[in-house]
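Take a look at the structure below.
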Amino acid sequence: MAEWRRDGIVLREGELDDLAMRDGETVLQLGASRFRFTAQTVATRQGPSPGGGAAVVLTLRQIGGPHGLEPVHLVEFVNASLRATLACDGPRRAQLARARELADRTARRYAFDVLIERAENLVVGYEAA
């Protein structure tokens, strides 16, 4: 894994993954390349179901890239909601709610890891050229 920095400080693997766990925006650096990372939860339009639904959009956009090269702009979309939580009552509902929370976190973390890996591959390719 490449060395990502935030505010000049090297982020360890767990710290990097934690950035995707909550909505927000931050500036990251990989080598000489700077990126603006954004995580945003948005409501989905899946009909009039109770509880609605939400998806997460993760964006990694290069800031001030090398002249003559196309800037890196990557987006990942996550929607791992388990609809079954709405149809259950009692103790099963709590179990399914925990399962939904775990699935959402896992999907969000996986999408972020894919985004970071794609950015690393592009930056390494640019720097080698």
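The numbers here are math on the coordinates, done by the rules we state, and not lab data. Bear in mind that the values here come from a model prediction, so they are computed numbers and not experimental data. Quick reminder, even Gly has a Cβ in these numbers, built from the backbone with ideal geometry, and neighbours come from all protein chains shown.
Length available on full extension from residue 13 to residue 118: 0.36 nm per residue minus the Cα-Cα distance, which gives 36.2 nm.
Each residue of segment 94-108 was assigned a 3J(HN,Hα) from its phi angle through the Karplus curve 6.51 cos²θ - 1.76 cosθ + 1.60 (θ = phi - 60°); the sequence is 5, 4, 5, 5, 5, 5, 5, 4, 5, 5, 4, 5, 5, 5, 5 Hz, with glycine and proline shown as x.
Seen from residue 110, the other residues with C-beta closer than 12 Å to its C-beta sum to a net charge of -2, counting Lys and Arg as +1 and Asp and Glu as -1. Amide hydrogen proximity for residue 34: with H placed 1.01 Å from N in the peptide plane, the residues at 5 or more positions away or on another chain lying under 5 Å are 63.
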